[in-house]
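These notes concern the structure reproduced below.
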Amino acid sequence: MLKRIVYSVCGAAIVGLGLFSLFAWNPSIDPVIAPIDTEYSPQIIEHGKTLAAAGYCSTCHTPPGGAPYAGNYEMHTEFGTLYSSNITPDVKTGIGSWSEAAFNRAMRTGISRDGSHLLPAFPYEHFNKMTDDDITAIYAYIMTSVPAVEQIKKENGIPFPLNIRSLQAGWKLLFADTQTFEVNTNKTEEWNRGAYLAEGIAHCGACHTPRNALGGEKYAQMYQGAAIDGWIAPSLTSTSTSPIPWRKQHFYEYLTTGNSPLHGSAAGPMAPVMHKGLSALKDSDVHAISAYFGDFAGTNATDEPESNNILKAALAAQHEQPDQRINEGARLYATACQACHYSKDQLVKGRPLIAIGSATHLDAPTNLINVILDGLRSDQGISGVVMPGFRDALSDKDISAIAAFLRQTANQSPWPKLQQQVGEIRNQPRFEH
Ligand code: HEC
Ligand code: HEC
Ligand code: HEC
C-alpha cells in the first residue's frame, strides 16, 4: 500500500515535472541580420532614444566607466550578485542578431532570444505595459545608433537551485504581472498618460513597491515603499510618512529639479531616475507622471492650512537652540551642518527643511545616514549643487548623535540601534552610478 502511494506520488511528480518543463520551454527565435538605419524613420529612432533614456536602460546596462549598453553592471540582490546583459548590437555577444520579434518577446515576457528565461531584475514586467510601437522604437534606436561592443556577460553569482533559468517560468506564473496596460476610463487623459509611463517604461514600482520573500512585487501595496540598493524608496502614496502630504506640484518640482524643500533631494538610486530618465521626457509627460502620483498621494488639497501650520512650526523650531553642552548631536549639527542648513523664517528653495523631510521621517534611518556619509554629488539632487560627505570626518558615534538629534527635532520616536546601523551602512557596498 505504502509502495503504491510512493509510486503514485513519484509518478505525479514526474508527470508534473514533465508538464512544467514543457510549460517552461520556449523556442529560440532565429538569428537575423541586424537592421540598417534606413529601415526605421529618424523620428522612430529619436523616439526610441527618448524611451531608452526614460527606461534607464543604460543605467543598468553600463557599469561605472564601462562601454554604454555593453552590460556587466553589477547588481547586489538578496539572491546573489547579478550582471546585466550586453544589449549593444554586437552579433557575437550582444543582441546584434535579434529580430524585432525576439526583442519584443524579451521586453514583454523576459525570455531571451535562445528561449531561456531572464531574471526579473530586468524589469520586463513593467516594459510589458508598453505599446508595440514604443518597444519597436527602442529596438530601432539600439540596433541603429548604439555602437556594437564585444563583451561577454559575466555569470550571475546566484546559488543553485535558484540559478536554474527554467524555474523562472514558475516564478512568472506565481508573481509576474502579465497584463498589458489598460486605460482607466474613470481617470483623465493626463492621469492615464502618467500611469502608462510610470507603470511601463519608467518602472517606478520596481523600486517603490514592496516585494515578497521571493522578490515578487506586492501589487496590492503598489508604491508603498521598499528597500532597494541600500536605500529606502519611500512610499509615494497616502501611506507616506511625510508630515506635509505629497501633492502633484511637489512631485513635479522634485522630478524636474531633483529636490523638494518640503521633502528632500533625489539622491542614491533616485538620482539617475530623475537626471538621466525623466529629464529626457517632454515636460507634459513629467506633468502627467506627477498628476498620476498626486492621485495616489491623495488629491484633495483640504490639508493646506494644516500643512502651513506644520511648516511654520518646523521653521520656528529651527531657531530653538538646544543646550549644546548636553546634546552632542546638536553640537555636532551646529558645527558640521548648520552653515548650510541654516535657520530662516522662510523655506529656502533647494534647501530641504530637514525637520520635515523624508530622511528624518522614514521608519528607518537608512537614507539620512547615507546622505551624511556620502553627501550629494553634483549629479544628484539639484544639478550642480553639492553637499559634502562626512564619511571620513565623522565617526559612527558622531553620525548617530546627529541623526538622533535630527530625529528628535522631527518629533519622531528614536530609531533603535542607531550607531550599529551607521556602522553597517558605512560598510555596505556603495551604490555606484
Ligand atoms: C534595473 C536594471 C535594468 C534595467 C533598468 C534594464 N535592464 Fe535589461 N537587463 C537587466 C539584467 C540584470 C539583465 C540580465 C538578466 C538575467 O541574467 O537573467 C537584463 C537583460 C536584458 C535583455 C536580455 C538580453 C539577453 O541577451 O538575453 C534585454 C533585451 C534587455 N535587458 C533590454 C533592456 C532595455 C531595452 C532596457 C530599457 C528599456 C533595459 N533592459 C533596462 C537589468 C536591467
Ligand atoms: C532604481 C530605484 C528607483 C526607481 C526606478 C524610482 N525610484 Fe523614486 N526613489 C528611490 C529612492 C532610493 C529614493 C530615496 C532617495 C533619497 O532619499 O534621496 C526615491 C525617492 C523618490 C521620491 C521622494 C520620496 C520622499 O518621500 O522623499 C519620489 C517622489 C520618487 N522617488 C518618485 C519616483 C518616480 C515618480 C519614479 C518613476 C518615474 C521613481 N521614483 C522611480 C528609488 C527609485
Ligand atoms: C556645504 C553645505 C552643506 C553642508 C555642510 C551640509 N549640507 Fe545637507 N544639504 C546641502 C544641500 C545644498 C542639500 C540639497 C542638495 C540638493 O538637493 O542638490 C542638502 C541636503 C540634505 C538632506 C536631504 C537629503 C535627502 O536625500 O532628502 C539632508 C537630510 C541633509 N542635507 C543633512 C545634512 C546633515 C545632517 C549635515 C551635517 C552632517 C549636512 N546636511 C551638511 C548642503 C549642505
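Before moving on, here are some points about what is shown:
- Pairs from the table (248/344; 154/282; 187/282) lying more than 28 angstrom apart at Cα are 154/282.
- Three-way shape call for region 195-340 based on the alpha-carbon gyration tensor, with the a/c threshold at 1.5: prolate
- Sorting 393-399, 85-91 by average packing, meaning the other beta carbons within 10 Å per residue, from highest down gives 85-91, 393-399.
- Karplus-derived HN-Hα couplings along region 124-129 (A = 6.51, B = -1.76, C = 1.60, θ = phi - 60°), whole Hz, x at Gly and Pro: 4, 4, 7, 4, 4, 6
- Residue among 347, 69, 388 farthest towards the positive dipole end of the chain, charges placed on Cβ: 388
- The chain: relative contact order in percent, alpha carbon pairs under 8 Å with at least 6 residues between: 14
- Qualifying GluC sites (Glu not before Pro) for region 83-180 [loop in DSSP, other Cβ within 10 Å: at most 12]: 155
- Candidate cross-link partners of residue 276 among the aspartates and glutamates, defined by an alpha-carbon separation under 12 Å and a same-chain spacing of 8 or more, comprise 379.
- About the centre of its Cα atoms, region 189-297 shows a dipole size close to 180 debye [charges on the beta carbon of Lys, Arg (+1) and Asp, Glu (-1) only; nearest 20 debye].
- Cross-link pairs exceeding 21 Å between alpha carbons, from the set 49/153; 349/397; 129/172: 49/153; 349/397.
- Distances between placed amide hydrogens fall under 5 Å for residue 146 paired with no residue 5 or more residues away or on another chain.
- Under Karplus coefficients 6.51, -1.76 and 1.60, residue-wise ³J(HN,Hα) of region 61-78 in Hz, glycine/proline x: 9, 9, x, x, x, x, 6, x, 6, 7, x, 6, 5, 8, 10, 8, 10, 6
- Distant-in-sequence amide contacts of residue 228, defined by a placed amide H-H separation under 5 Å and a gap of 5 or more residues or a different chain, comprise 233.
- Shape category assigned to region 280-399 from the gyration tensor of Cα positions, a/c cut at 1.5: oblate
- Accessible area of the chain divided out per residue, in Å², using a probe of 1.4 angstrom: 50
- Region 219-316: trypsin sites (Lys or Arg not before Pro) in DSSP loop, at most 13 other beta carbons within 10 Å: 282
- Region 124-164: C-alpha gyration tensor shape, a/c 1.5 cut-off, then a/b vs b/c: oblate
- Using the Cβ of residue 112 as centre and a radius below 12 Å, the other residues enclosed give a net charge of +3, where K and R count +1 and D and E count -1.
- J(HN,Hα) series, region 413-427, from Karplus relation 6.51 cos²θ - 1.76 cosθ + 1.60, nearest Hz, glycine and proline x: 5, x, 6, x, 6, 4, 4, 4, 5, 4, x, 5, 5, 4, 8
- Dipole axis of the chain (+1 Lys, Arg; -1 Asp, Glu on Cβ), positive-most option in 274, 286, 185: 274
- Of the residues 51, 241, 258, the one whose Cα sits farthest towards the positive end of the charge dipole of the chain is 241 (charges of +1 on Lys and Arg Cβ, -1 on Asp and Glu Cβ, taken about the Cα centre).
- Neighbour cut-off at most 12 other Cβ (10 Å), DSSP loop, GluC sites (Glu not before Pro), region 297-348: 320
- Based on DSSP H segments of at least four residues, each scored -39500 (n - 2.57), the chain has a per-residue ellipticity at 222 nm of -12500 deg cm²/dmol.
- Summed side-chain charge close to residue 335 - residues other than residue 335 whose Cβ falls under 14 Å, Lys, Arg +1, Asp, Glu -1: 0
- Accessible-area ranking of 185, 81, 237, largest first, probe 1.4 Å: 185, 81, 237
The values are calculated or read from the model by the stated rules, or taken from the named source; none is laboratory data. Computed from a predicted model, the values in this text were never measured in an experiment. A quick note on method: Cβ atoms are made from the backbone with ideal geometry, for glycine too, and the neighbour counts reach across all protein chains shown. In case anyone asks, the SASA skips ligands and DNA or RNA and just uses the protein heavy atoms, side chains included. Shrake-Rupley method; radii C 1.70, N 1.55, O 1.52, S 1.80 Å.
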